[in-house]
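The values are calculated or read from the model by the stated rules, or taken from the named source; none is laboratory data. Quick caveat: nothing in here was measured; it's all calculated off a predicted structure. Here the Cβ positions follow ideal geometry from the backbone for every residue, glycine too, while neighbour counts run over all protein chains shown.
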Amino acid sequence: MSDRLIEFADTKERGHLPPSGDTLRYTGPKASILETIGETPVVRLNNIGPDHVQLYAKLEAFNPMGSVKDRLALAVIEAAERSGALRPGQTVIEATSGNTGIGLAMVCAQKGYPLVVVMAESFSLERRKLLRFLGAKVVLTSAAERGTGMFRMAERLAETHGWFLCRQFENEVNADIHAATTAREILDDFSGDGLDYWVTGFGTGGTLKGVAKSLKQESPRTKVVLVEPENSQILGSGIPQLRRPDGAAARSHPNARAHPVQGWSPDFVPKLAGDALDDGLIDVFQPVRGADALQVTQDLARKEGIFCGVSGGATVAAALDVAAGAPAGSTILAMIPDTGDRYLSTPLFDHIDVDMSEEERAIAASAPAPNKKMPPSGKTSPAPISETARAFIGDVIDDPSEPVVLFGFEWCEFCWSVRRLFSDANIPFRSIDVDSAEFRENDRGGDILRALFDHTKMRTVPQVFVGGTLVGGATEVLIASRQGNLAERLAELPDPIVPAGTKEPLDYLPSWTKRPAVNTPADDLQGKRT
Ligand code: PMP
């Protein structure tokens, strides 16, 4: 994670001109994705915040899986490998609101460990999908049981199966990696004029404890500002957290409430966050309102081009409060822990529409397309249709060994709708994909398509036949499935097919068709030739 960057000064000789004429930092090939963790940039915020201070943000989204937790994921796994707590091929398990799981999924994928992530059902759907895409298993716990419920479930599973539990909330490695990397990077970046305020929230408290400890030692002038949701101040409340002998929280903290900052302030004070308090590492407690967190997250996107999650907006919102009362010339750094694209299904995007607004419709209408009807050129005559192609169509649709046939394009979304319905319903079918490599020679696919259009007098794909007769395009097939006519036709075949039950057939259509753009004629939605 360190010592990777090498100065690459004489770029001109290599034929690359650095964008600003400054020294380019060239990093060379990495041994694996894991070497790209850390060394995230600190950037100046220029368009939000008062003029009398210098406001900066450290962008943890630059980690390979887009969050600060990649650091912990690698550190926990490698520490366990070194200590022998994790054996080759052993399953790794963790309770996580998502980002730790996503980081662990990357590390486990690279190193070959199976991973089980335990997550409350209230965290965003994108996170579940991302984790599963990366090969992890996701076990959901009820939202009502909150963070403690997730953790108990992970413990039970680890004990039952002998899996390696990461214990991010208590594991000292979590704080140590931030002392060794995150804090080091911050100290290096502010080695010139120094740093007056460092602003962070906490999830596990790993960032808080690790960075604050190093700052206290190496930059004692830096004030550590701890941000909590205004309606769920647990660390700043002074009310102690009940703990088990191993340090884990014994129950929810009495001040904990639901709040909109995912990844922050669970319903208990984690041991690492509690340590930071007990060790006197926190100088200022700065509450932040949920609505302000969401607003500043959007301001960062629109005014700074910084796309981050709600905890980043919350931290910067608190940094703005700090800035308002800070002496002129102060330097303030806010942590931005992750990227924004895993919040699409959360309140952050609630007011962002997928349909065109009035203003956008007006833009669309402001440059009308030329009349679609092309003047007849008189020069082109329709391409001929070969007898072979006509015979091919007849042979395929009348073939009793494959009575269900779909003519279409390989990657056409409407063709996929029907293919997915057929495979979910266990209906065996033949797909003639006229644009596939198989039919490319001498435009055989085009010839077959023209023969098909001429045969059915229909000019869209897919076209689906059952027992030699046309059922129709995608929408007709899905409606036939919904209304039972498809099942009737399949039952009448010499070798009858009984389809299995599926989800609502029209839900197989591409999702955008359910929200047609203005002026999209209904029949355009049936089957596209693109
Ligand atoms: N923001 C987000 C989005 C997170 O997922 C986390 C970690 N849960 C944090 C902030 C806090 O990081 P830490 O665990 O180091 O306190």
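Numbers for the structure displayed
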read-out	value
Qualifying positions in the range 57-100 - among the hydroxyl-bearing types (Ser, Thr, Tyr), away from the ligand (no atom under 16 Å from the Cβ) and assigned to a helix (DSSP H, G or I)	Ser83
Residue that is over 22 Å from Val310 (Cβ atoms), in contact (Cβ under 8 Å) with a residue 12 or more places away in the chain and within 15 Å of the ligand (Cβ to nearest atom), where the choices are Lys223, Lys213	Lys213
Unmet requirement for Thr141, which otherwise passes all of (1) buried (at least 17 other Cβ atoms within 10 Å of the Cβ); (2) in contact (Cβ under 8 Å) with a residue 24 or more places away in the chain	(2)
Residue among Glu170, Glu155, Glu159 that alone is among the charged types (D, E, K, R), under 29 Å from Lys58 (Cβ atoms) and either under 24 Å from the mean Cα position of the chain (by Cα) or assigned by TED's automatic domain parsing to the domain that holds Glu218 (or both)	Glu170
Yes/no for Gly103 being at pLDDT 95 or above, within 12 Å of the ligand (Cβ to nearest atom), within 23 Å of the chain's Cα centre (by Cα) and buried (at least 21 other Cβ atoms within 10 Å of the Cβ)	yes
Cβ pairs under 8 Å, 6+ apart, first in the range 459-470 and part of a loop (DSSP other than H, G, I, E, B), second surrounded by fewer than 23 Cβ atoms within 10 Å (Cβ to Cβ) and of a type in the set (Asp, Glu)	Gly467/Glu492; Gly468/Asp398
Residue in the range 198-207 that is buried (at least 22 other Cβ atoms within 10 Å of the Cβ), touching a residue at least 40 places away in the same chain (Cβ under 8 Å) and more than 15 Å from the ligand (Cβ to nearest atom) present	no
Single residue of the range 195-245 satisfying the filter (among the aliphatic types (A, V, I, L, M) and part of a helix (DSSP H, G or I)) that is farthest from Gly312 (Cα to Cα)	Leu215
Qualifying residue in the range 290-311 (condition: within 16 Å of the ligand (Cβ to nearest atom), over 24 Å from Pro220 (Cα atoms), touching a residue at least 24 places away in the same chain (Cβ under 8 Å) and in contact with a Lys or Arg (Cβ under 8 Å, 6 or more places away or on another chain))	yes
Lone qualifier among Ala391, Ala383 - being of a type in the set (Gly, Ala, Ser), more than 30 Å from Ser511 (Cα to Cα) and without any contact (Cβ under 8 Å) to a residue 12 or more places away in the chain	Ala391
Tally, over the range 318-334, of residues that are more than 12 Å from Val225 (Cα to Cα) and within 16 Å of the ligand (Cβ to nearest atom)	0
Residues located in the range 171-194, provided they are in a loop (DSSP other than H, G, I, E, B), surrounded by fewer than 20 Cβ atoms within 10 Å (Cβ to Cβ) and in contact (Cβ under 8 Å) with a residue 40 or more places away in the chain	Phe190, Asp193, Gly194
Residues that are under 19 Å from Thr460 (Cα atoms) and in contact with a Gly (Cβ under 8 Å, 6 or more places away or on another chain), drawn from the range 421-443	Ser431, Ile432, Asp433, Val434, Asp435, Ser436, Phe439
Flag if Val68 is within 21 Å of Ala175 (Cα to Cα) and buried (at least 24 other Cβ atoms within 10 Å of the Cβ)	yes
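Condition check ((1) within 16 Å of the ligand (Cβ to nearest atom); (2) over 27 Å from the mean Cα position of the chain (by Cα)) across all residues:
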{"site": "Val227", "(1), (2)": "yes, no"}
{"site": "Ser232", "(1), (2)": "yes, no"}
{"site": "Ile239", "(1), (2)": "no, yes"}
{"site": "Asp246", "(1), (2)": "no, yes"}
{"site": "Ala256", "(1), (2)": "yes, yes"}
{"site": "Pro270", "(1), (2)": "yes, no"}
{"site": "Ala276", "(1), (2)": "yes, yes"}
{"site": "Gly280", "(1), (2)": "no, yes"}
